[in-house]
1. Which residues among region 1-27 fall inside the zone where the amide N is under 18 Å from a point 7 Å beyond the Cα of Gln68, along Cα→Cβ?
2. Among the listed pairs Lys39/Lys80; Lys20/Lys51; Lys41/Lys80; Lys80/Lys108; Lys57/Lys78; Lys39/Lys90, which have their C-alpha atoms separated by more than 24 angstrom in this model?
3. Modelled label-to-label distance, Leu79 and Glu15, 7 Å Cα→beta-carbon offset: nm?
4. From the helices alone, meaning DSSP H stretches of at least four residues, give me the mean residue ellipticity at 222 nm for the chain, per-run term -39500 (n - 2.57), in deg cm²/dmol to the nearest 500.
5. All other residues with a Cβ under 9 Å from the Cβ of Gln97 taken together, and with Lys, Arg as +1 and Asp, Glu as -1, what is their net charge?
6. Obtain the nm distance between the two label points defined at Ser38 and Arg110 by a simple spin-label model: each point lies 7 Å from its Cα along the Cα-to-C-beta direction.
7. Using the beta-carbon distance between Ile5 and Phe55 and R0 = 22 Å, what value does 1/(1 + (r/R0)^6) give for FRET efficiency, to the nearest 0.05?
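Here, each number is a calculation from the coordinates, and none is a lab measurement. In this text, all values refer to a predicted model and were calculated from it rather than measured experimentally. Here the Cβ positions follow ideal geometry from the backbone for every residue, glycine too, while neighbour counts run over all protein chains shown.
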Amino acid sequence: MNQVILRGRLTTNPEIRYTKDGDPVASFSLAVPDRMASKDKEGNFPADFIKCVAFNKEAEVLEAYAIQGTEILVTVGKLKSGSYMKDDIKIFTTECQIIHFEFISGTKPREDKK
């Protein structure tokens, strides 16, 4: 079974691109606190930075409402791995494909998207 549940904050505004067929794709990183680790001097848990990608309606909602710092709960996601060659070196990738998510706090339309 490949199922992911994450709660964290976007580290940047989602980067939106479109497929050849015009379908939206949102890419971003999610800072997810590691609550199993010890807190630092400021009382914060260390974070893992998870690369995420969302498609279609989920990408449209993220584009319209999410900005850096927005907290979301990925309720249904899956890990995808891949690889590519760069300068004759094989680079391995892992990302969370978001199938469904929820905003943790209230949202309003992004000022730059009105």
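1. 8-16, 27
2. Distance filter (> 24 Å) returns Lys39/Lys80; Lys41/Lys80; Lys80/Lys108; Lys39/Lys90.
3. About 2.3 nm, to one decimal.
4. So the helix-based figure for the chain works out to -2500 deg cm²/dmol.
5. So the environment of Gln97 carries a net charge of +1.
6. Here the modelled spin labels are 3.9 nm apart.
7. That pair, Ile5 with Phe55, gives E of 0.75.
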